[in-house]
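Worksheet for the structure shown next.
The values are calculated or read from the model by the stated rules, or taken from the named source; none is laboratory data. Worth saying up front: this structure is predicted, and the values here are computed from it rather than measured. When we count neighbours, we look across all protein chains shown, and the Cβ atoms used for this are built from the backbone with ideal geometry, even at glycine.
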Ligand code: PMT
């Protein structure tokens with residue numbers, strides 16, 4: 001695919017990999033894109049604006065307060081009408097500012113003004129890439145629909161080896177193509193996604209809950225929206241910001257989640273239950289705060305099994321459940337798939353560090369009701385979400401010709 005007619009902004013930030021942005025710019029130009037380069041102040045220390053100006057044939061944006069930038073408003077307008085913004089290389093500092101909405105230079109201001117899709121191409125030292133603060137910022141950006149590429153692994157500028165290298169130009173162009181022309185294979189579908197934990201009250205100040213952060217379910221909602229679906233996201237309490245274009249239904253308890261799910265079920269073509277629903281609730285919730293310093297026995301009663309109820313009530317809806325397992329994952333998950341009567345079960349081993357509850361990544365086993373099994377390797381939850389959606393579409397397309405086991 002040529003990039004003819006595409007209006008792009010290339011943001012370059014202060015990394016030793018800034019010189020590689022020159023090769024990227026040359027390739028974007030060769031493919032026909034019109035590119036305006038925006039340099040951060042630190043990027044200018046690595047590569048001068050003249051190089052970018054010569055290759056792009058346009059003046060380079062850099063300083064928000066530059067008196068020569070009297071047309072700053074026009075440049076913000078450019079951010080609003082361009083087809084995509086690529087930030088390459090994106091430093092840990094830039095990712096942090098973008099995640100927190102800081103606008104203290106031209107590039108970060110453009111990112112806030114932009115309505116176009118954004119592709120971030122991180123490059124930094126391996127230790128920085130793995131730092132929890134960077135991982136959290138990347139997760140925030142991905143949660144908002146920003147595409148953040150995984151850096152390559154190999155020799156780094158520090159002399160060490162690790163994950164943090166600027167990816168190959170061809171890989172960046174490929175990712176840009178996907179960003180520019182997102183697959184709209186869920187257009188016409190209405191997804192009902194549940195996410196996060198439920199909270200089952202004990203008294204006015206205490207509750208029973210679990211470690212679900214909502215990242216898996218929100219990742220599914222964002223991916224489905226990008227692929228053209230209408231999405232209703234029913235979520236227990238999380239620290240995440242719901243995607244603005246989803247219909248968002250916040251709930252607290254399993255019973256509230258059940259009510260919300262059943263209310264929206266008829267419209268849904270696909271239901272995905274990524275929520276970690278509490279299996280039990282307290283039978284007698286105290287209306288006053290229970291005083292401490294004495295043994296306390298709580299009588300628990302099972303919550304309704306929402307997933308099984310959906311499966312029993314649905315007509316043509318494709319139903320996907322999750323299974324959080326700690327042992328015998330495949331066998332337990334297969335049994336759960338059958339007991340609940342659903343089409344696809346996504347099993348994760350939540351005893352493994354770095355995946356499952358409150359992790360950025362997941363590694364899952366997909367089991368379907370037709371006997372199929374597919375293991376997905378460990379990936380960021382956004383990528384797992386896309387793979388699950390593609391798998392659902394594949395299964396649904398083949399369902400008519402397949403035989404359902406008795
Ligand atoms: O939220 P994150 O931090 O990103 O973590 C993701 C996750 C680990 C929560 C997610 O990947 C996951 O595994 N979600 C399902 C967790 C769970 O409750 O599993 P389960 O095996 O207990 O339940 C099986 C299925 O039945 C789930 O789809 C659950 O939503 C559903 N269920 C369970 C109990 C109940 N009363 N009603 C239900 O509908």
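What residue, among those in region 220-246 that are in contact (Cβ under 8 Å) with a residue 60 or more places away in the chain, in contact with a strand residue (DSSP E or B) (Cβ under 8 Å, 6 or more places away or on another chain) and crowded, with 24+ Cβ neighbours inside 10 Å, is farthest from residue 275 (Cα to Cα)?
Taking the candidates together, the pick is 224.
Mind checking which residues of region 312-325 are within 13 Å of the ligand (Cβ to nearest atom) and either in contact with a strand residue (DSSP E or B) (Cβ under 7 Å, 6 or more places away or on another chain) or without any contact (Cβ under 8 Å) to a residue 12 or more places away in the chain (or both)?
319, 320, 321, 322, 323, 324, 325
Got at least one residue in region 109-118 being buried (at least 21 other Cβ atoms within 10 Å of the Cβ) and out of contact with any strand residue (DSSP E or B) (no Cβ under 7 Å at 6 or more places or on another chain)?
no
Regarding residue 333, is this residue crowded, with 22+ Cβ neighbours inside 10 Å and more than 26 Å from residue 206 (Cα to Cα)?
On the way: crowded, with 22+ Cβ neighbours inside 10 Å: yes; more than 26 Å from residue 206 (Cα to Cα): yes.
Criteria met by residue 333.
Name every residue in region 305-322 that is surrounded by 15 or more Cβ atoms within 10 Å (Cβ to Cβ) and outside any strand (DSSP E or B), in order of residue number. Break it down stepwise before answering.
At the first step, the residues of region 305-322 found to be surrounded by 15 or more Cβ atoms within 10 Å (Cβ to Cβ) are 305-311, 314, 317-322.
Result: 305, 306, 307, 308, 309, 310, 311, 314, 317.
Does region 226-234 include one or more residues that are within 14 Å of the ligand (Cβ to nearest atom), under 19 Å from the mean Cα position of the chain (by Cα), assigned by TED's automatic domain parsing to the domain that holds residue 320 and modelled with pLDDT of 95 or more?
Filtering region 226-234 for residues within 14 Å of the ligand (Cβ to nearest atom) gives 233-234.
Add one more test, that the residue is under 19 Å from the mean Cα position of the chain (by Cα), and what stays is 233-234.
After this cut, where a residue has to be assigned by TED's automatic domain parsing to the domain that holds residue 320 as well, the list is 233-234.
Those left that are additionally modelled with pLDDT of 95 or more: 233-234.
Yes.
When residues of region 326-353 are filtered for being on the phi > 0 side of the Ramachandran plot and either more than 12 Å from the ligand (Cβ to nearest atom) or not assigned by TED's automatic domain parsing to the domain that holds residue 397 (or both), how many remain? It would help to see each step written out before you state the result.
Taking region 326-353 and keeping what is on the phi > 0 side of the Ramachandran plot, we get 328, 341.
Narrowing further to those that are either more than 12 Å from the ligand (Cβ to nearest atom) or not assigned by TED's automatic domain parsing to the domain that holds residue 397 (or both): 328.
Final tally of qualifying residues: 1.
Which ones in region 354-382 are closer than 20 Å to residue 334 by Cα, exposed (fewer than 14 other Cβ atoms within 10 Å of the Cβ) and either within 17 Å of the chain's Cα centre (by Cα) or near the ligand (Cβ under 8 Å from one of its atoms) (or both)?
The one that is closer than 20 Å to residue 334 by Cα, exposed (fewer than 14 other Cβ atoms within 10 Å of the Cβ) and either within 17 Å of the chain's Cα centre (by Cα) or near the ligand (Cβ under 8 Å from one of its atoms) (or both): 377.
Identify all residues within region 180-209 that are surrounded by 19 or more Cβ atoms within 10 Å (Cβ to Cβ) and more than 21 Å from residue 395 (Cβ to Cβ); write none if there are none.
Within region 180-209, 195, 196, 197, 198, 199, 200, 207 meet the criteria.
With respect to the numbered conditions (1) out of contact with any strand residue (DSSP E or B) (no Cβ under 7 Å at 6 or more places or on another chain); (2) touching a residue at least 60 places away in the same chain (Cβ under 8 Å), which one is the sole condition not fulfilled by residue 210?
Going through (1) out of contact with any strand residue (DSSP E or B) (no Cβ under 7 Å at 6 or more places or on another chain); (2) touching a residue at least 60 places away in the same chain (Cβ under 8 Å) one by one, residue 210 breaks only (1).
I'd like the full set of residues that are free of Cβ contacts under 8 Å to residues at least 60 places away in the same chain and within 8 Å of the ligand (Cβ to nearest atom), limited to region 296-305.
302, 304, 305, listed by residue number.
How do the strands (runs of 3 or more DSSP E) wholly within region 247-286 filter down when requiring 1 or more residues that are surrounded by fewer than 23 Cβ atoms within 10 Å (Cβ to Cβ) and at pLDDT 95 or above: which remain? If you could, list the steps in order and put the result at the bottom.
Details: elements: 247-250, 270-273, 280-282.
Of the strands (runs of 3 or more DSSP E) lying wholly inside region 247-286, those with at least 1 residues that are surrounded by fewer than 23 Cβ atoms within 10 Å (Cβ to Cβ) and at pLDDT 95 or above span 247-250, 280-282.
For region 264-295, enumerate the residues that are closer than 30 Å to residue 394 by Cα and within 15 Å of the ligand (Cβ to nearest atom).
Selection gives 264, 265, 268, 270, 271, 272, 273, 274, 275, 276, 277.
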